[in-house]
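Chemist: Supplied in structure tokens, the structure appears directly below.
The values are calculated or read from the model by the stated rules, or taken from the named source; none is laboratory data. This structure is a prediction, so every number in the text was calculated from the model and none was measured. Cβ placement follows ideal geometry from the backbone for every residue including glycine, while neighbour counts extend to all protein chains displayed.
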Amino acid sequence: MKIDRLIGILSVLLQEEKVTAPDLAERFEVSRRTINRDIDDLLYAGIPIRTSQGVGGGISIAEGYKVDRTILTSKDMQMILAGLRSLDSVSGSSYYGQLMEKIQAGSSEFISGRDSILIDLSSWYKESLAPKISTIQDAIENRHLLEFYYYAPSGESKRSIEPYYIVFKWTSWYVYGWCRQRKDYRLFKLNRMDKVKETKKEFACRNAPVPDLSSELKFPRNIVLKALFDPDMKWRLVEEFGPDCYEVQEDGRLLLIKDYADIDNLTMWMLTFGDKVEVIEPEEVRERLKEMAGSMMKIYGGKKNGRN
């Protein structure tokens, strides 16, 4: 929309000392002639825009000019507040709440009384996550090493990292940084971290790459699951994979065929369905479930207290 482009051009002019018409045309994906017409419209609206020709020329806004009203629309403000509110749900301090109050106080006419988007990122672990996130944020800002104990399938270890990013992905929180033990960048899940501590040891900031969060790269799906689920498990399949993920069989059971990344997690997931699922493939998962069932029979099928 034209009004959105005009607001965008004004925002650029307020932030940059000078820009050229070709630059604006490229940014907003329109012709140079359209940009010239937009500049004329801004002039007619009373915005003191100056243009100069030749080498070093361009478009600028008069020095000292300020916009009294925010150039953000009501929808823009709602999106900003929704983002801040989501961060406040996992914050260990009142910073985001105070920031929201500042924005709301200065832009009350742009914000309706009804919130249309509510996001809570805290999950079930807010009490344990908030202090960790706060500590990690401080360590990133202060360029201090972060130390913690980490619990992984391979075992427990004490780690020291240079923290660079806090990441929310795959419904969980992570910290991304340079691990001094592994001599490489690593992604650590916050729920597996314990005794998280910001040290006083400073580190020289590396040119850390933005973490590649592609689930296909991090967790290659090379295990094919074929399983038959009881019809009353349809809600779980729809919740996790969508309404078109299964095929109804003649006996009424639901056939699910999916690629999976980790055989241990797959086995544990199958166990959550109890006797409501039959795994067809892979054979290794069938054998694991059979062994687990035998072990559970020894615990629950014997005398009182589960032991003979």
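Chemist: Filtering region 162-184 down to residues that are assigned to a loop (DSSP other than H, G, I, E, B) and of a type in the set (S, T, N, Q), which residue is surrounded by the fewest Cβ atoms within 10 Å (Cβ to Cβ)? Walk me through how you get there before you give the answer.
Modeler: Taking region 162-184 as the starting set, the residues that turn out to be assigned to a loop (DSSP other than H, G, I, E, B) are 170-171, 180-183.
Filter once more, keeping what is of a type in the set (S, T, N, Q): 171, 181.
Working: THR171: 7, GLN181: 12.
My answer is THR171.
Chemist: If you don't mind, another one. Can you find a residue in region 264-275 that is within 21 Å of the chain's Cα centre (by Cα) and loosely packed, with under 15 Cβ neighbours inside 10 Å?
Modeler: Restricting attention to region 264-275, the residues satisfying the condition of being within 21 Å of the chain's Cα centre (by Cα) are none.
Within region 264-275, not a single residue is within 21 Å of the chain's Cα centre (by Cα) and loosely packed, with under 15 Cβ neighbours inside 10 Å.
Chemist: Just to check your reading of the model, which residue among ARG159, ARG186, ARG180 is closer than 22 Å to ASP262 by Cα and at pLDDT 90 or above?
Modeler: After ruling out the rest, the residue left standing is ARG186.
Chemist: So CYS205 ticks every box in (1) under 27 Å from ALA130 (Cβ atoms); (2) assigned by TED's automatic domain parsing to the domain that holds LEU255 but one. Which box is left unticked?
Modeler: Unmet for CYS205, out of (1) under 27 Å from ALA130 (Cβ atoms); (2) assigned by TED's automatic domain parsing to the domain that holds LEU255: (2).
Chemist: On the given criteria, is SER123 touching a Phe, Trp or Tyr at 6+ places or on another chain (Cβ under 9 Å), more than 19 Å from LYS197 (Cα to Cα), modelled with pLDDT under 90 and among the polar types (S, T, N, Q)? It would help to see each step written out before you state the result.
Modeler: On the way: touching a Phe, Trp or Tyr at 6+ places or on another chain (Cβ under 9 Å): yes; more than 19 Å from LYS197 (Cα to Cα): yes; modelled with pLDDT under 90: yes; among the polar types (S, T, N, Q): yes.
Yes.
Chemist: Still on this model: Can you confirm whether LYS201 is assigned to a strand (DSSP E or B), modelled with pLDDT under 95 and basic (Lys, Arg)?
Modeler: Numbers: assigned to a strand (DSSP E or B): yes; modelled with pLDDT under 95: no; basic (Lys, Arg): yes.
So LYS201 does not fit the description; no.
Chemist: Next question, about the same structure. Among the residues of region 5-17, write down those that are surrounded by fewer than 11 Cβ atoms within 10 Å (Cβ to Cβ) and in a helix (DSSP H, G or I).
Modeler: The first filter runs over region 5-17 and keeps only residues surrounded by fewer than 11 Cβ atoms within 10 Å (Cβ to Cβ), leaving 15, 17.
GLN15 - this is the single residue of region 5-17 that is surrounded by fewer than 11 Cβ atoms within 10 Å (Cβ to Cβ) and in a helix (DSSP H, G or I).
Chemist: Another question, if that's okay. From the list LYS276, LYS195, exactly one residue is at pLDDT 95 or above, of a type outside the set (A, V, I, L, M, F, W, C) and under 27 Å from PHE148 (Cβ atoms). Which is it?
Modeler: Numbers: LYS276 fails: under 27 Å from PHE148 (Cβ atoms).
Going through LYS276, LYS195 in turn, just one is at pLDDT 95 or above, of a type outside the set (A, V, I, L, M, F, W, C) and under 27 Å from PHE148 (Cβ atoms): LYS195.
Chemist: If a residue must be in contact with a strand residue (DSSP E or B) (Cβ under 6 Å, 6 or more places away or on another chain) and among the small types (Gly, Ala, Ser), how many such residues does region 136-171 contain?
Modeler: 3
Chemist: Is it the case that region 247-264 has a residue that's at pLDDT below 95, outside the structural domain of VAL167 (by TED's automatic domain parsing) and of a type in the set (Lys, Arg)?
Modeler: yes
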